[in-house]
Amino acid sequence: MAKSSRSSTPPASSSARPSSKSPADISQEPGREHVHAVVRAMSLLKAFDGGDEVFLSLTELARRTGMHKPTALRLARTLALSRFLVQREDGAWRLGPAAGWIGSRYQAQFDVGSVIEPILVRLAAETGESASFYVHEGNLRSCLMRCDGPNARPDHPRSGELLPLELGAPGRAILAALGEPGDLYERIRRRGFHWARAERSTGAAAVAAAVRGGQGMVLGAVSTSGPVERLTPVALRKLAPITVAAARQLGLALGGVPATALRATWHP
């Protein structure tokens, strides 16, 4: 059974921060054509990234977007005409049904496999080892996708096989990202990766890094794995940076795809 202390989102902060560049930052980027009003309107929608905060006051919207309140109010009212925002009687704002419809359309056309596979293929090619992406639920993890290197072990975990989170580099990397207490997990969080040899399976070694999607949601972990004879502690540390980079790239590529959508691909 999953431990109640685990959470798939980082602890809430008392001072919310915008998750993207401000409109002023975007407008100064060279070589990009855009309509400034649209950029500012989108920043209002992106302001609703504070975890459990559903309603935001006009003052908070202006603070998060760096706009003056009259400007934020004009844009919010414009978005409300198309139901992207809704205003309560007390003046607070929330995302409207049109925002939910856009999100559902995005998820419906999103091919998870086409996003994950190229990153794993590239990681396997660059390391010469096998690259895998694990998703998690409760106290279990499963290999959602794997790209074998030229010398893959014949007894490695297959797609869909359920494994414990508490054993192996991918599982421990996920636990650390979920906030699991303990000295080991504190060290993993500081390093940003974890390596293990012959922990879950004798003869196997791996280094793994957690994958975070939108709002810091823990989606799973990317691992580079192979036989212990070849993947010594020194070799695993050398493979860590490229594995961490692949995990970050995958998190950006998956964007706002929720963890539940990934889990659905390995549940019957």
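Subtracting the Cα-Cα distance of His36 and Gln249 from 0.36 nm times their residue separation leaves 73.9 nm of extension gain. Within the accessible surface of the stretch 180-241, defined with a 1.4 Å probe on protein heavy atoms only, the carbon and sulfur portion equals 54 percent.
The values are calculated or read from the model by the stated rules, or taken from the named source; none is laboratory data. The shown structure was predicted, so the numbers you read here are calculated from the model rather than taken from an experiment. Surface accessibility is based on the protein's heavy atoms, side chains included, excluding ligands, DNA and RNA. Shrake-Rupley method; radii C 1.70, N 1.55, O 1.52, S 1.80 Å.
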